[in-house]
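Following: one structure in structure tokens, then a few remarks.
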Amino acid sequence: MISLSSVNKQYGKQLIFVEASFQLNPGEKVGLVGPNGAGKTTLFRMITGEETADDGEVTVPKRITIGYFRQDVEEMKGRSTLDEVIAGSGRVGELHHELEGLQNALADPERAGEMDKILDRFGVVQEEYDHLGGYALEAQAREVLQGLGFTEAQIDGDVAALSGGWKMRVALARVLLGRPDVLLMDEPTNHLDIESIIWLEQFLKSLNSALLMTSHDREFMNRVVSKIFEIDSGEINVYSGNYDYYERERAIRDQNQQAAFARQQAMLAKEQRFIDRFRTHAAKAAQVQSRIKALDKIEKLELPKKRSVVKCEFRTPPRSGDQVAIVEGVSKAFGERRIYDDFSVTIRRGERWCVMGRNGAGKTTLLKMIAGVLPPDAGGVRLGASLKMGYFAQQSLDVLNPDLAVIEQLQQDFPQDGLGTLRTLAGAFQFSGEDTEKKIRALSGGEKSRLAMARMLFDPPNFLVLDEPTNHLDMATKEMLIESLQQYEGTMIFVSHDRAFLRGLSTRVLELGGETGTDKEPHLYLGGYVEYVERTGHEAPGTHT
């Protein structure tokens, strides 16, 4: 269907692809992996025709349709969310809106003289629209939007009123609704909650479309793809299996490559010793020259590139009292919508609570009330003795100084620590080399989140309140964070859509809204996320495994 053949691509002195080749076949579900800057976005843009290869051939059949979900969203306004999704869903969306225009034209008395022409066009458009399944389009659009977590009020409301994260979901819905022959998806789960991620897994598996996607969600990748394309030093290596299979095979390949390198080095050293020993012996001159020529012809092997993540030793937090947070008789409403009604819970030292619940159930609201940034309408939250709280949320980045560079911010925060230690801390959260000299005002939202997390965890408080802490982290950094927090001796309450994070860290589950998402009473589960799934039979409220 789509193929790259001996493709070369270069930006200035940076080589992106060197004789790279692959083939994406109809219906295949493929994960695209590689370090930052390896060329994943460049590959997408070459397939869509936004960029061209310097050499080689990118083959995309003319008749196939391509849907591309990317991380930048254009302006959306002047329509309802439903109309915005339909309008951007490809050919059938174009026909939908042309039909609406033709229907308005037929009802316009001022265009009575054009009726024959309008009717002719109406018949042509209607036939194509019907052939493409257009009359089911609105129902399908609502189904996709509901799957991605939209309420009916949001679906029928003004798209301009949505936040940036919700507009990303609109852009995703448009691509899915178009059901193209090929789906290119760049981090589709970034702005989704766990319920929407689970829905998206099922939707993508049911599609006949070929899929090529990047994702930092290991579970999502494992469940959706059956092949991996790895960009490595300009080449594209193909692995037939999911992400876990790729990691195992990659490790075996690296071990084999390392062993082959060691064997070759031993052989080269032995040959070189012979050459050095007998270089001046006339009787051995022919053998020496023969061996020199043979060595020149040998293709020298290289060691596999190490993909180790920088690890940072986080300090031990001070010990808190036994009762860390006591939520007593809390009520909270937003207008007519009552979120909590006389709710009480006690969080004890060493517990790790994960809060589950569908959109609007009150997950972030609870964390804000515990952190003291949002007051309850009734009741209260009492914090225990000797408590030092750390609150992380995507919106709580104002503490960063925009005029400082990344490393300067860390030096200001931790003046007693050496530059080497702070550079290690920065590296653990994906700031290396020149990145540490970037001004904070120039950082993306994701980079600011990583910096805020690094500052919090280097000298950790004894009570962590974390709202989606793994957003914008790649798989390796997430795993570093999980491993570090498993050793953390304080108390945690967190919201996360990453199932590896939930499984690895939770010891208590608070489910808001119950299985249907509408129950008034929260449910407490002793045991972590693994036990919660076993007991309830679902991975999140309102979903089923």
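Among residues of region 282-306 that are touching a residue at least 40 places away in the same chain (Cβ under 8 Å), those with a Cβ under 6 angstrom from a residue that is surrounded by 10 or more Cβ atoms within 10 Å (Cβ to Cβ) and hydrophobic (A, V, I, L, M, F, W, C), sequence gap 6+ or separate chain, pair up as Leu301/Ala260; Leu301/Phe261; Leu303/Phe261.
For region 177-244, which strands (runs of 3 or more DSSP E) that fit wholly inside it have 1 or more residues that are under 11 Å from the mean Cα position of the chain (by Cα)? Outline the logic, then answer.
Numbers: elements: 182-186, 210-214, 227-232, 235-239.
Once the strands (runs of 3 or more DSSP E) in region 177-244 are filtered for at least 1 residues that are under 11 Å from the mean Cα position of the chain (by Cα), what remains is 182-186, 210-214.
For region 28-59, filtering for residues that are farther than 25 Å from Ser432 by Cβ, part of a loop (DSSP other than H, G, I, E, B) and modelled with pLDDT under 95 leaves 6.
Quick check on Tyr11: is it aromatic (Phe, Trp, Tyr) and closer than 20 Å to Asn190 by Cα? Let's see the steps before the verdict.
On the way: aromatic (Phe, Trp, Tyr): yes; closer than 20 Å to Asn190 by Cα: no.
For Tyr11, the condition - aromatic (Phe, Trp, Tyr) and closer than 20 Å to Asn190 by Cα - is not met.
Scanning region 214-254 for residues that are out of contact with any Pro (no Cβ under 8 Å at 6 or more places or on another chain) and of a type in the set (Asp, Glu) returns Asp217, Glu219, Glu230, Asp232, Glu235, Asp244, Glu247, Glu249.
Quick one: which of Val7, Val18, Val33 is closer than 30 Å to Ser206 by Cα and either surrounded by 15 or more Cβ atoms within 10 Å (Cβ to Cβ) or in contact with an Asp or Glu (Cβ under 8 Å, 6 or more places away or on another chain) (or both)? I'd like the intermediate steps shown before the answer.
On the way: Val7 fails: closer than 30 Å to Ser206 by Cα; Val18 fails: closer than 30 Å to Ser206 by Cα.
Matching residue, one of Val7, Val18, Val33: Val33.
Does any residue of region 135-156 turn out to be of a type in the set (Val, Ile, Thr), out of contact with any Leu (no Cβ under 9 Å at 6 or more places or on another chain) and either assigned to a helix (DSSP H, G or I) or surrounded by 19 or more Cβ atoms within 10 Å (Cβ to Cβ) (or both)? Checked against the condition, which is being of a type in the set (Val, Ile, Thr), out of contact with any Leu (no Cβ under 9 Å at 6 or more places or on another chain) and either assigned to a helix (DSSP H, G or I) or surrounded by 19 or more Cβ atoms within 10 Å (Cβ to Cβ) (or both), region 135-156 yields no hits at all.
Only one entry in Asp398, Asp435, Asp413, Asp459 is surrounded by fewer than 22 Cβ atoms within 10 Å (Cβ to Cβ) and under 29 Å from Thr507 (Cα atoms), namely Asp459. Scanning region 60-98 for residues that are under 19 Å from Glu143 (Cα atoms), in contact with an Asp or Glu (Cβ under 8 Å, 6 or more places away or on another chain), at pLDDT 90 or above and not polar (S, T, N, Q) turns up Phe69, Leu82.
Of these, Leu443, Leu464, Leu451, which one is more than 15 Å from the chain's Cα centre (by Cα) and closer than 15 Å to Leu422 by Cβ? Reasoning before the result, please.
Numbers: Leu443 fails: closer than 15 Å to Leu422 by Cβ; Leu464 fails: closer than 15 Å to Leu422 by Cβ.
When all the criteria are applied, what remains is Leu451.
The sole residue among Gln264, Gln287 that is part of a helix (DSSP H, G or I), over 30 Å from Thr214 (Cβ atoms) and within 52 Å of the chain's Cα centre (by Cα) is Gln264.
Do we have Glu271 as among the acidic types (Asp, Glu), under 21 Å from Phe22 (Cβ atoms) and part of a helix (DSSP H, G or I) here? Lay out the reasoning, then the answer.
Numbers: among the acidic types (Asp, Glu): yes; under 21 Å from Phe22 (Cβ atoms): no; part of a helix (DSSP H, G or I): yes.
Criteria not met by Glu271.
For the criterion of being of a type in the set (A, V, I, L, M) and more than 26 Å from Ile198 (Cα to Cα), Leu106 passes.
Counting only residues that are surrounded by 12 or more Cβ atoms within 10 Å (Cβ to Cβ) and within 30 Å of Glu521 (Cα to Cα), region 296-341 holds 17 of them.
Take the residues of region 418-440 that are small (Gly, Ala, Ser) and touching a residue at least 40 places away in the same chain (Cβ under 8 Å): which is farthest from Ser484 (Cα to Cα)? Give the derivation first.
If we filter region 418-440 for residues that are small (Gly, Ala, Ser), which is where we start, we get 418, 420, 426-428, 432-433.
From what is left, the residues that are touching a residue at least 40 places away in the same chain (Cβ under 8 Å) are 427-428, 432.
Details: Gly427: 15, Ala428: 11, Ser432: 20 Å.
The selected residue is Ser432.
Does region 507-529 include one or more residues that are acidic (Asp, Glu), buried (at least 16 other Cβ atoms within 10 Å of the Cβ), modelled with pLDDT of 90 or more and under 22 Å from Met221 (Cα atoms)?
In the first step, residues of region 507-529 are kept if they are acidic (Asp, Glu); the result is 511, 515, 519, 521.
Within this subset, residues satisfying the condition of being buried (at least 16 other Cβ atoms within 10 Å of the Cβ) are 511, 515.
Checking the rest, the ones that are also modelled with pLDDT of 90 or more come to 511.
So of that shortlist, the ones also under 22 Å from Met221 (Cα atoms) come out as none.
Among the residues of region 507-529, not one is acidic (Asp, Glu), buried (at least 16 other Cβ atoms within 10 Å of the Cβ), modelled with pLDDT of 90 or more and under 22 Å from Met221 (Cα atoms), which makes the answer no.
Of the residues Ile86, Ile47, the single one that is within 30 Å of the chain's Cα centre (by Cα), more than 25 Å from Ile16 (Cβ to Cβ) and surrounded by 17 or more Cβ atoms within 10 Å (Cβ to Cβ) is Ile86.
Would you confirm, using the coordinates I've provided, whether Phe343 is more than 29 Å from Gln487 (Cα to Cα), aromatic (Phe, Trp, Tyr) and touching a residue at least 24 places away in the same chain (Cβ under 8 Å)?
Working: more than 29 Å from Gln487 (Cα to Cα): yes; aromatic (Phe, Trp, Tyr): yes; touching a residue at least 24 places away in the same chain (Cβ under 8 Å): yes.
Yes: the conditions hold for Phe343.
Looking at (1) among the hydroxyl-bearing types (Ser, Thr, Tyr); (2) in contact (Cβ under 8 Å) with a residue 12 or more places away in the chain; (3) surrounded by fewer than 23 Cβ atoms within 10 Å (Cβ to Cβ), which one does Ser449 not meet, given that it meets all the others? Against the list (1) among the hydroxyl-bearing types (Ser, Thr, Tyr); (2) in contact (Cβ under 8 Å) with a residue 12 or more places away in the chain; (3) surrounded by fewer than 23 Cβ atoms within 10 Å (Cβ to Cβ), Ser449 comes up short only on (3).
Output the residues belonging to region 51-71 that are more than 24 Å from Glu128 (Cβ to Cβ) and in contact with a helix residue (DSSP H, G or I) (Cβ under 9 Å, 6 or more places away or on another chain).
Going residue by residue through region 51-71, those that are more than 24 Å from Glu128 (Cβ to Cβ) are 51-59, 69-71.
Result: Glu51, Thr52, Ala53, Val58, Phe69, Arg70, Gln71.
Scanning region 180-238 for residues that are among the polar types (S, T, N, Q) and closer than 17 Å to Ser89 by Cα returns Asn208, Ser209. For region 396-417, the set of residues classified as free of Cβ contacts under 8 Å to residues at least 24 places away in the same chain and among the polar types (S, T, N, Q) consists of Gln411, Gln412, Gln416, listed by residue number. Residues in region 290-303 that are among the basic types (Lys, Arg) and part of a helix (DSSP H, G or I) were compared, and the one that is farthest from Asp232 (Cα to Cα) is Arg291. Looking at Ala53, Ala105, just one residue is in the same structural domain as Asp130 (by TED's automatic domain parsing), more than 22 Å from Ser209 (Cβ to Cβ) and of a type in the set (A, V, I, L, M), and that residue is Ala105.
Counting the residues of region 220-258 that are free of Cβ contacts under 8 Å to residues at least 40 places away in the same chain and aromatic (Phe, Trp, Tyr) gives 3.
The values are calculated or read from the model by the stated rules, or taken from the named source; none is laboratory data. The structure displayed is predicted, hence computed values, not measured ones. When we count neighbours, we look across all protein chains shown, and the Cβ atoms used for this are built from the backbone with ideal geometry, even at glycine.
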